Amino acid sequence: GKSVLARCKFGVAVCNFTDMNKITTFADYRVPQLLRSLSVLKYSSSLAKRVDSGFEIDIFSMDELYIRASTVQAVDILVDKVSLQVSSKVDLEINSVKMDWFLWNIGEKLDR
């Protein structure tokens, strides 16, 4: 049979989530990378130097936590701002998961 994700893509009821607005962004590498390139996120000079040199940031370090938490906060703010602009024009729910997907895809396209 099809995977759960494949079934979700085609709208099968198994993926009829009613609480998607409670889930936040996935703060992996791509979204923070894009937000930084757009000057949405600003790193300290020491963190920027480490990231720009390709230095691997330690898991659970304060730097990693800063980047991930800042990404979550930035995406939540973007969701709020976009929702305010869009809500009166179209019937479309904007949430962090959708915003993450949108930003991730932009980052992927820019990286090519």
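Values as computed for the structure displayed
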quantity	calculated
Residue ID - nearest to LEU38 (Cα to Cα), chosen from residues in segment 83-106 that are charged (D, E, K, R) and under 10 Å from the mean Cα position of the chain (by Cα)	ASP100
Flag for ASP28 being charged (D, E, K, R), at pLDDT 70 or above, exposed (fewer than 14 other Cβ atoms within 10 Å of the Cβ) and under 13 Å from TRP104 (Cα atoms)	yes
Near pairs, Cβ below 6 angstrom, 6+ apart or cross-chain, from segment 50-68 (open to solvent by less than 100 Å² (accessible area, probe 1.4 Å)) to any residue that is outside any loop (DSSP other than H, G, I, E, B)	ILE57/ASP63; ILE57/GLU64; ASP63/LEU47; ILE67/PRO32
Residues within segment 69-112 that are hydroxyl-bearing (Ser, Thr, Tyr) and open to solvent by less than 60 Å² (accessible area, probe 1.4 Å), tallied	4
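The values are calculated or read from the model by the stated rules, or taken from the named source; none is laboratory data. What you are looking at is a predicted structure, and each value in this text was computed from that prediction instead of being measured. Backbone-built Cβ (ideal geometry, glycine too); neighbour counts: all protein chains shown. Areas reflect the complete protein model, heavy atoms only, side chains present, ligands, DNA and RNA absent. Shrake-Rupley method; radii C 1.70, N 1.55, O 1.52, S 1.80 Å.
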